[in-house]
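Encoded as structure tokens, the structure appears first; notes follow it.
The numbers here are math on the coordinates, done by the rules we state, and not lab data. Note that the coordinates shown come from a computational prediction; the quantities given were computed from them, not determined experimentally. Neighbour counts are summed over all protein chains in view; Cβ atoms, including those assigned to glycine, are modelled from backbone coordinates with ideal geometry.
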Amino acid sequence: MQSLIIFLAVILILLIISWIGLRIKPKPFKPFSPPPKETRSLPLPDDLPAPVERFYRQVYGERVPDITSAVVSGRARLRLPSKRGITFPARFRFIHEAGKDYRHVIQVTFFGLPLFTVNEYYLDNRSRMELPFSVSEGSKVDQGANLALWAEAMWFPSLWVGDPRARWQAIDDETALLTVPYREEQQRILVRFDPETSLLGIMESMRFKGQDQQQKTLWLNEALAWKSIDGKLLPTVGAVTWFDESKPWAFFTVDEVVYNINVETPLQEKGE
């Protein structure tokens, strides 16, 4: 009986330690703040659907910045595996050459210390996700990565009107369809806007979960909070959900956004 009590006490202590370790936020990545280039602006197009026009006027006004690159950094909470896993704290850095390439660096932590790092690349229309224990790549992974390339422009939405390859189509007074390029094809993202604030609320698209999936799953990107960072109105908290999992598997909170810097080297690097 005494041995059982000791065993249960040890298990309880380990559970408490784990619970504490999974709630300690990591420190943010070092600021990514090389001197930015001067950003020119472009006039807001005059043929946008009504909810899209209201959104851009709310965020930018009469003119939109010409953003060619972005580095978005912050902290996250990720459920791994996404369907019925453990929720880990993490820190992230998303590096974009706008509308062309990206690199994701996600460092999963425990007690604020790194457990492992995910390096995900989408370069020249090809995706590769490198984990310590596996590599994910292939045509279906590419399909999902291109959707992420354009969906993550919610942190620099001027891309959706500044890039001539992107097209908006009216749906109703609160919804519009965004069409973006994918190789020789096109992909569609349904965008819903908040009727009270006019800000972007949620983006919906059909995405393969992985290379082994036979069917696409509805993929939801939600802007949960908008705030001003360095004078720029941005979605500072976002959630990502696979529709068949009923609740978000990832939450991203933004600490820093830097625009229009040279990202050629960071896109190719490993680690942080």
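Our note on the geometry: Cα centres of region 152-169 and region 41-58, 11 Å apart. Qualifying GluC sites (Glu not before Pro) in region 158-250, where qualification requires a DSSP coil assignment and no more than 12 other C-beta atoms within 10 Å, comprise Glu184, Glu196.
For region 155-202, the spherically averaged projection of the C-alpha convex hull amounts to 3.7 nm².
Based solely on its DSSP helices, what 222 nm [θ] is calculated for the chain when runs of n ≥ 4 H residues each add -39,500 (n - 2.57) and the sum is averaged over all residues, nearest 500 deg cm²/dmol? Theoretical 222 nm ellipticity from helices: -5500 deg cm²/dmol. Just so you know, the Rg over Rh for region 195-272 is 1.05, from Cα atoms, with Rh as the Kirkwood radius.
Length available on full extension from Lys25 to Thr179: 0.36 nm per residue minus the Cα-Cα distance, which gives 51.8 nm. Model label sites at Asp194 and Arg57, defined 7 Å from Cα along the beta-carbon direction, differ in position by 1.8 nm.
Calculate the dipole size of the chain relative to its Cα centre from +1 charges on Lys and Arg beta carbons and -1 charges on Asp and Glu beta carbons; express the result in debye to the nearest 20. Write out the running numbers ahead of the final one.
On the way: 33 positive and 33 negative charges, 208 e Å.
Dipole size: approximately 1000 debye.
Restricting region 130-187 to chymotrypsin sites (Phe, Trp or Tyr not before Pro) that sit in a DSSP loop and have at most 11 other Cβ atoms within 10 Å of their own Cβ leaves Phe133.
Just checking my list (1) 71, 40, 35; (2) 68, 45, 29; (3) 78, 43, 39 against Cα extents along the principal axes in Å computed from this structure; which label fits? Checking each listed value against the structure points to (3). In the chain, the longest principal axis of the Cα atoms and the axis of helix 50-59 are about 70 degrees apart. Look at the alpha carbon pairs under 8 Å that are at least 6 residues apart: their mean separation over the length of the chain gives a relative contact order of 20 percent. Beyond 27 Å in Cα-Cα separation lie the following of the pairs Lys30/Lys216; Lys30/Lys270; Lys30/Lys83; Lys83/Lys216: Lys30/Lys216; Lys30/Lys83.
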